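The values are calculated or read from the model by the stated rules, or taken from the named source; none is laboratory data. None of these values were measured; they are calculated from a predicted model. A quick note on method: Cβ atoms are made from the backbone with ideal geometry, for glycine too, and the neighbour counts reach across all protein chains shown.
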Amino acid sequence: MPYINTAPSLLDAVIESISHHERNLGRRYYSEHGTDRVTAGQFTAEGGATVEVTALVSFAKKVRYGQDDERTVRVGASAKCHGWGCVEPSSEESFGEPVPLDAVVYDTAAAVEPHVQAARVWAQKHAETCRAQPYTGH
Ligand SMILES: [Zn+2]
């Protein structure tokens, strides 16, 4: 029987991204701003190119004088077609509202689902019609 890889849980990956960020706060050279990208699906387009769905985990810090810094995270998703010369190579990035970084991590991560679902719908639809070929480098 062939072995079939099971995709890792998206929710676990997003939770890990947020936990990793929290663990590394305050380390030297560690950026408190930035966006983590977690692959959430891949589709093969009509022309053979790959359409990739990505969950986005975006971190920010606001310095507030006289108070603790305000650290926030927001989750979202986008889809991107890697077809060479594709006429519509990416969906819009969609994000939820920023929430405090120290909010319940499961709830923060679970908010990614509707964004990823919308990006997957875009990817599926795009894959059905896109005839751009994968770029092979030659
Ligand atoms: Zn395309």
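Specify which of the listed residues (57, 63) is more than 16 Å from the ligand (Cβ to nearest atom), of a type in the set (Val, Ile, Thr), modelled with pLDDT of 90 or more and more than 16 Å from residue 117 (Cβ to Cβ).
Every option except 57 fails the conditions.
Assess whether residue 69 counts as being of a type outside the set (A, V, I, L, M, F, W, C), more than 11 Å from the chain's Cα centre (by Cα) and at pLDDT 95 or above.
No.
Scan segment 26-41 for residues that are modelled with pLDDT under 95 and either in a strand (DSSP E or B) or under 19 Å from residue 15 (Cα atoms) (or both) and jot them down.
30, 31, 32, 33, 34, listed by residue number.
Is at least one residue of segment 70-83 small (Gly, Ala, Ser), within 21 Å of residue 137 (Cα to Cα) and surrounded by 13 or more Cβ atoms within 10 Å (Cβ to Cβ)?
yes
State all residues of segment 42-53 that are surrounded by fewer than 22 Cβ atoms within 10 Å (Cβ to Cβ) and not in a loop (DSSP other than H, G, I, E, B); if no residue qualifies, say none.
Within segment 42-53, 42, 43, 44, 50, 52 meet the criteria.
Please specify each residue of segment 106-138 satisfying the condition of being of a type in the set (Asp, Glu) and over 19 Å from residue 81 (Cα atoms).
107, 113
Name the residue, out of 79, 45, that is more than 27 Å from residue 111 (Cβ to Cβ) and within 16 Å of the ligand (Cβ to nearest atom).
45
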